[in-house]
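Scroll down for the structure; my scribbles are underneath it.
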Amino acid sequence: MFSESVSEEALRQDFETLTVSKRLVRSVSQKLRKKNHRGEGGEEDKVRGVSLKCLTLYGRGGGCKVGADTGEELGDPSYRRRSSVSEEGKVYKSICGIEDNNFDCFSYGVREKFWKKNNRKDLDLEESVRNSRMHIFLPDDILEMCLVRLPLTSLMNARLVCKKWRHLTTTPRFLQMRREGSCQKPWLFLFGAVKDGYCSGEIHALDVSQDQWHRISADILRGRFMFSVASMQDDIYIVGGCSSLTNFGRVDRSSFKTHKGVLVFSPLTKSWRKASSMKFARSMPILGISEVCSDFSVIQSHQNRHDRQFPRSRVGGVSDVYEDPHRLSLRRQYRNAFDENGPSLLPNRRSYKFIRQRSEQANMKCCKRFVLIAVGGLGSWDEPLNSGEIYDSLSNKWTEIQKLPIDFGVVCAGVVCNGMFYVCSENDKLAGYDIERGFWIGIQTSAFPPHVHEYYPKLVSCNGSLFLLSVSWCEGDGQIGRRNKAVRKLWELDLMYLTWTEVSVHPDAPMDWNPVFVADRNLIFGVEMFKIFGQVLDFFTVCDVSDVEMNWSHISRNHMAHELDASSCMTKTMAVLHL
């Protein structure tokens, strides 16, 4: 009996020794496995930024710990009790395929979703890295060739991609490439919008090719009205204007200030800058843009001519120079008009040939610059002005030019055509300013187109031709009981014989007293706004003068003016650019 008990005791000790060795082997294997997992997890953390190792669940109510081991080496005496309780409650299987005592705290399917989500992030990261490497190795010349062909709206969105693209699309080289390219489309910019009695300063831009309106915020123009605009290359010049002194922001001419400042807006870069101010404050001046030679000197052409009246004239389509080959009548006319000691306005043949040769050489070099002319308008005391100024974009300076005669009348329209700045007055008189030589020429046509007194004529220039738009009464075609109606007609001036010819009739009734017509290349754009039945309506039309029929067509109707005040009909002004 005693021997049996001794043998059982020895057997039990052997089992305990065997159990301890198993535990020891299991603990060592777990440590090695843990070390391997830590190495793999570190690599995964570097790649994915998160470790996907299983979490260990310690019994019921024991909570969740990350990376805890199940062994006595942790110094936890209650290890057996917790493990036995957990084993009695439920048997857990490792999702990772590793047989150990670590328990996965993720529910079924969560681990796979988590892994797929991080995998998607890795794929996106790899794709972005590949794209960034592609952009890095793509030459700037090819990028410019791609970006320069984008429409203006797409180009503005492309600038938001990165700083490199924004810098690349705003360099002078890129702007010059876009200016000389064939991907430009006409854009109309409408200024002078009045909303709720205030000058909002907003600019309404119309993409003619897409028939889409865009609104551009311009806080610098808030409270400013009765100004004029003109387009020069890719910029728009805002000249003069008024602002109320008592009610700032409102269109109030009871107490106002007339400005002589000039602002320049660049639609391609959405930037503003200030140009040199005029010598005299003006509101609603008549503007003209002309391209001149590179050796053009404003001071030499205009410094001694701004106090003189123009004696030259062209009557009945034939110049008086050709009527009098020896120019005796012109000499007599100059002698009566000016002091004999003063220099002559008409250059002699030798100097004329020299000027002509010099201008031809400059044209061969194709090196040009632009000048801006401002004539007439209203002064600081709301008086009509007969003076004028010319602005040189290269020197950023204004210079006074020769004044118009007093009997010429108030200037109501003007445009540059073939190096000559043509203006017409309310008295149906026409004059031209020679920009290169710096003097006015009185032009007397055979018969000025008839027009209604309340509607002032408008001058536009297209493809080297001078056009005039006027409103006149149209008879009832001889039919009894048919009432006369007012129509707006387009007239063309023959610059050789100085005769007017009717070429087209505008389809809309002339409801607007102050329409705006601007021309660019072979297109004439017009905008009319008027209030009827308590609502402001707007009509945008275009005429292609290269077409034989010269028909007008509508490009936009009632898309913009429904939220504006009726005073916008008088304060509006428009410019056109190819962008």
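The values are calculated or read from the model by the stated rules, or taken from the named source; none is laboratory data. Quick caveat, the model's predicted, so the values are computed rather than measured. All Cβ positions, glycine included, derive from the backbone under ideal geometry; neighbour counts span all protein chains shown. We work out accessible area using only protein heavy atoms, side chains counted, and drop any ligands, DNA or RNA first. Shrake-Rupley method; radii C 1.70, N 1.55, O 1.52, S 1.80 Å.
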Looking at segment 558-579, which of its residues are open to solvent by 30 Å² or more (accessible area, probe 1.4 Å) and either without any contact (Cβ under 8 Å) to a residue 12 or more places away in the chain or within 26 Å of the chain's Cα centre (by Cα) (or both)? 558, 559, 562, 563, 565, 567, 570
Would you confirm whether or not segment 210-219 contains a residue that is open to solvent by 10 Å² or more (accessible area, probe 1.4 Å) and hydrophobic (A, V, I, L, M, F, W, C)? yes
Tally the residues that are open to solvent by less than 30 Å² (accessible area, probe 1.4 Å) and under 26 Å from residue 234 (Cα atoms), restricting the search to segment 539-557. 6
Here is a list: 496, 529. Which entry is farther than 19 Å from residue 186 by Cα, open to solvent by 30 Å² or more (accessible area, probe 1.4 Å) and in contact (Cβ under 8 Å) with a residue 40 or more places away in the chain? 496
Residue satisfying all of: in segment 237-258; open to solvent by less than 70 Å² (accessible area, probe 1.4 Å) and under 12 Å from residue 378 (Cα atoms); farthest from the chain's Cα centre (by Cα) among these: 258
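So that you can scan it fast, the table gives a plain yes or no per residue for (1) aliphatic (A, V, I, L, M); (2) modelled with pLDDT of 90 or more; (3) over 28 Å from residue 537 (Cα atoms):
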{"residue": "479", "(1), (2), (3)": "no, no, yes"}
{"residue": "483", "(1), (2), (3)": "no, no, no"}
{"residue": "486", "(1), (2), (3)": "yes, no, no"}
{"residue": "490", "(1), (2), (3)": "yes, yes, no"}
{"residue": "505", "(1), (2), (3)": "yes, yes, no"}
{"residue": "508", "(1), (2), (3)": "no, no, no"}
{"residue": "513", "(1), (2), (3)": "no, no, no"}
{"residue": "519", "(1), (2), (3)": "yes, yes, no"}
{"residue": "525", "(1), (2), (3)": "no, yes, no"}
Which one of these does residue 407 not meet: (1) open to solvent by 10 Å² or more (accessible area, probe 1.4 Å); (2) in a loop (DSSP other than H, G, I, E, B)? (2)
Would you confirm, using the coordinates I've provided, whether residue 268 is modelled with pLDDT under 95 and within 30 Å of the chain's Cα centre (by Cα)? yes
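Here is a yes/no grid of residues against (1) modelled with pLDDT of 90 or more; (2) open to solvent by 60 Å² or more (accessible area, probe 1.4 Å):
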| residue | (1), (2) |
| --- | --- |
| 365 | no, yes |
| 373 | yes, no |
| 385 | yes, no |
| 389 | yes, no |
| 396 | yes, yes |
| 413 | yes, no |
| 421 | yes, no |
| 431 | yes, no |
| 442 | yes, no |
For segment 220-231, give me the residue count where each residue is surrounded by 19 or more Cβ atoms within 10 Å (Cβ to Cβ) and on the phi < 0 side of the Ramachandran plot. 8
Going by what's in this entry, would residue 577 be described as assigned to a strand (DSSP E or B) and more than 17 Å from residue 488 (Cβ to Cβ)? yes
Filtered residue count, segment 259-291, keeping only those that are over 21 Å from residue 570 (Cβ atoms) and open to solvent by 30 Å² or more (accessible area, probe 1.4 Å): 13
Taking residue 187 as meeting all but one of (1) open to solvent by less than 20 Å² (accessible area, probe 1.4 Å); (2) at pLDDT below 90; (3) touching an Asp or Glu at 6+ places or on another chain (Cβ under 7 Å), write down the number of the exception. (2)
Does residue 161 fit the bill of being open to solvent by 30 Å² or more (accessible area, probe 1.4 Å) and more than 20 Å from residue 518 (Cβ to Cβ)? yes
